[in-house]
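First the structure, in the form of structure tokens, and then the observations on it.
Read-outs throughout are calculated quantities, based only on the coordinates presented, and are distinct from any laboratory measurement. Values in this document were obtained by computation on a predicted structure and should not be read as measured data. Every residue, glycine as well, gets a Cβ built from its backbone with ideal geometry; the counts of neighbours run over all protein chains shown.
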Amino acid sequence: MDSPTKAVPLSELSEDDVIAFLRARPNFLLEHPILLESLTPPEGRQGKGVTDFQQFMLKRLQANYDWLKQQQRELIANSRANLHSISRVHQAVLLLIEASSFSDLAQLIMHDFVNIFDVDAVSLLIESDNPIQPELQKLGVRIVQPGMTDFWLEDEAAMMDSDITGDPIIFGPAAPLVRSQLLLRLELVPEVPLGMLAMGSRDPLLFQELQGTELVNFLARAVERSLRFWLEWSA
């Protein structure tokens, strides 16, 4: 069995050793381009078989600069998008506070939210053993069987899905328009165990699985408390 190669101390390496090593591995600098940042290239030595390291390093620096500029542009765009999203949520919460009745609140959620969040459909669903509740259905509230919220959300508080076909149980007549969706769990009063706020968009990428949910969860808690207040008040 061969014994492992013993490392040679740098102090024992000669220039000839380094030259011999590099000649034996002509692609070494291509495999380790970061070394070029530590080397001082020759000046004015262009010709047959001679590489202009300065040009190579300039191209590398330019590529790094372009990458950093792109990262900066993406960071600024994301920051602006986040600020816009926060502004929309603030506007929605202020509307919830101004609701004067459960009927007014339901209309604000299912109609005003469409414009505020620039989506194509907003649905408010409430679980109940009694599928026929004229007062709620007249307001556009969708009544679903107990357990449906867990079925759709799979024990999650929020879920986003892209490139889908809208579910008619969730979005009703607007379902054919829906290509991406946001589903939010709502914990309501004891007599109404669960509910769900759903937003749908014809843009298949508006809501995507990897998007953060902190902001939309805050919106859900605000909707939840507003609904709970009016449900308890009218009970």
How do 206-215, 220-229 rank on mean C-beta neighbours within 10 Å, highest first?
220-229, 206-215
Among DSSP beta bridges whose residues both lie in the stretch 71-234, state the antiparallel percentage, nearest 5.
85
Protection proxy (average C-beta count within 10 Å per residue), highest first, orders 102-108, 129-135 as 102-108, 129-135
So what are the ³J(HN,Hα) numbers for the stretch 27-35, from phi and the Karplus equation (6.51, -1.76, 1.60; θ = phi - 60°), rounded to whole Hz, Gly and Pro as x?
9, 4, 6, 5, 6, 10, x, 4, 5
Go from 0 up to the bin containing the longest alpha carbon distance in the stretch 71-234, width 5 Å each, and give me the % of pairs per bin.
1, 9, 17, 23, 21, 15, 7, 3, 1, 1, 0
